[in-house]
Amino acid sequence: MISTPISRGQRIAIDPLDKARKIEGHWQQRVIAEMNDYQFKVARLEGDFIWHRHADTDETFIVLEGELRIDFRDGAMHLRAGEIGIVPKGVEHKPYAAREVKIMLIEPRGVVNTGEEHNERTAPNDLWI
Ligand code: NI
């Protein structure tokens, strides 16, 4: 289900977990809200992503349900539901979830999920749910 953007000033409560549950399939990202030039996006992840980096921006992960591991070349960060992790710009990382995890991402509009890499995991941007 794809919905239209929520315009500024609409007094609508947004439930990120409920939105994430409506996404069909894994590794898709859907926008649920915008603030200035930033987007709040949700996704369902399972399995391994690819190594990538974002040259121009940090990336914020908030786990809504489940557990997420973010691998770095020199270690890993483990996030549980309710926890926030920030990947600094330019740092290589690879999300991994042994079982399905539902997450919210906060990043500037236009960030490509696979960074400078483009492959079958590259998801379209600006799709709202
Ligand atoms: Ni990333």
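Data for the structure
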quantity	calculated
Nonlocal amide H pairs with Val112, under 5 Å, H built at 1.01 Å	none
Subset of Lys22/Lys89; Lys41/Lys94; Lys19/Lys89; Lys19/Lys102 violating a 21 Å alpha-carbon distance limit	Lys22/Lys89; Lys19/Lys89
Gyration tensor over alpha-carbon atoms, segment 57-129, equivalent ellipsoid semi-axes in Å	19, 16, 12
Estimated Rh, the chain: Kirkwood, alpha-carbon pairs, angstrom	14.7 Å
Relative contact order for the chain, counting Cα pairs under 8 Å that sit 6 or more residues apart, in percent	33 percent
Inter-part distance where segment 97-112 and segment 1-52 are each reduced to a Cα centre, Å	8 Å
Potential extension, Asp56-Asp71 segment - 0.36 nm per residue separation minus Cα distance	3.4 nm
Extended-chain gain in nm, criterion 0.36 nm per residue less alpha-carbon gap, Asn36 and Leu17	4.6 nm
Sorted by Cβ neighbour density within 10 Å, fewest at the top, the residues Met77, Met104, Met35	Met35, Met77, Met104
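None of the figures in this text is laboratory data; all of them are computed from the coordinates on show. No experiment lies behind these values; they were computed from the predicted model shown. Note that each Cβ is placed from the backbone with ideal geometry, even for glycine, and that neighbours are counted across all protein chains shown.
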